[in-house]
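Note sheet for the following structure.
The values are calculated or read from the model by the stated rules, or taken from the named source; none is laboratory data. Only a predicted model underlies this, so the values are computations on that prediction, with no experimental measurement involved. Cβ placement follows ideal geometry from the backbone for every residue including glycine, while neighbour counts extend to all protein chains displayed. Side chains included, ligands, DNA and RNA excluded: accessible areas come from the protein's heavy atoms. Shrake-Rupley method; radii C 1.70, N 1.55, O 1.52, S 1.80 Å.
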Amino acid sequence: RAMDRLVGGDVGYGKTEVAMRAIFRAVQGGKQACILAPTTVLVEQHFRTMSDRFGGFGVNLGKLSRFQSKGEQIDTVKKLAEGRLDVVVGTHRVLSADVRFKDLGLLVIDEEQRFGVAHKERIKKTKTQVDVLTLTATPIPRTLHLAMANLRDLSIIATPPADRRAVRTFVSRVDDTTIKEAIQREIARGGQIFFIT
């Protein structure tokens, strides 16, 4: 039977690592894989990570989001249908009717709770034919209930990776000096910054 597994764990616990290893196995087995992400920023992040990791293995990657031009999207869709792309990373655009896979073997859904009802219905139709791996730090009640009722497989990553730094949260008044120091500290340690105003 097709896999339908929910992988839960805190931010930074390794859910994406599990997904990348599953994708690599699917591709090595001759199947295509798809990562469905809720935002274009996350699509770009996943695409860059996989480009770095799979670079020396001949894995053909593509992406589908509003960051691609119409021509690039048409080219990606064509390559997927012909089997010339092994992995595609995309937003809900990959759920469009024009997107067809030659031999999809694995669908990875990142943060399922961020997709609407129409998208979930399309995903549900796909689930009967392919393995599905859902990654979430905050499962929605329905998804969690299905897992607890043994209607979906559930894996929890409860142990943080070695050397993982704990999340520290500060609440303060808007202060340019504090913001500058925080950004410089993060860059100095080789971390990432996501700044929302």
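Numbers for the structure displayed
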read-out: Residue match in segment 17-36 (condition: on the phi > 0 side of the Ramachandran plot, in contact (Cβ under 8 Å) with a residue 40 or more places away in the chain and not basic (Lys, Arg)); value: yes
read-out: Hits in segment 14-29 - residues which are surrounded by fewer than 19 Cβ atoms within 10 Å (Cβ to Cβ) and of a type in the set (D, E, K, R); value: GLU17, ARG21, ARG25
read-out: Criterion (under 25 Å from THR136 (Cβ atoms), open to solvent by 40 Å² or more (accessible area, probe 1.4 Å) and among the hydrophobic types (A, V, I, L, M, F, W, C)) met by exactly one of VAL7, VAL11, VAL43; value: VAL11
read-out: Filter result (in contact (Cβ under 8 Å) with a residue 60 or more places away in the chain and of a type in the set (Val, Ile, Thr)) within segment 56-107; value: VAL87, VAL94
read-out: Members of segment 163-178 that are open to solvent by less than 100 Å² (accessible area, probe 1.4 Å) and more than 30 Å from ASP4 (Cβ to Cβ); value: ALA166, SER172, ASP175, THR177, THR178
read-out: Yes/no for THR16 being under 16 Å from THR134 (Cβ atoms) and either out of contact with any Phe, Trp or Tyr (no Cβ under 6 Å at 6 or more places or on another chain) or at pLDDT below 95 (or both); value: yes
read-out: One residue from GLU181, GLU186 being without any contact (Cβ under 8 Å) to a residue 40 or more places away in the chain, of a type in the set (Asp, Glu) and surrounded by 12 or more Cβ atoms within 10 Å (Cβ to Cβ); value: GLU186
read-out: Segment 145-162 - residue that is modelled with pLDDT of 80 or more and in a loop (DSSP other than H, G, I, E, B) and, of those, surrounded by the most Cβ atoms within 10 Å (Cβ to Cβ); value: PRO160
read-out: Some residue of segment 25-36 being out of contact with any Asp or Glu (no Cβ under 6 Å at 6 or more places or on another chain), polar (S, T, N, Q) and under 19 Å from VAL94 (Cβ atoms); value: no
read-out: Members of segment 42-55 that are free of Cβ contacts under 8 Å to residues at least 60 places away in the same chain and over 22 Å from GLY83 (Cβ atoms); value: GLU44, GLN45, ARG48, THR49, ASP52
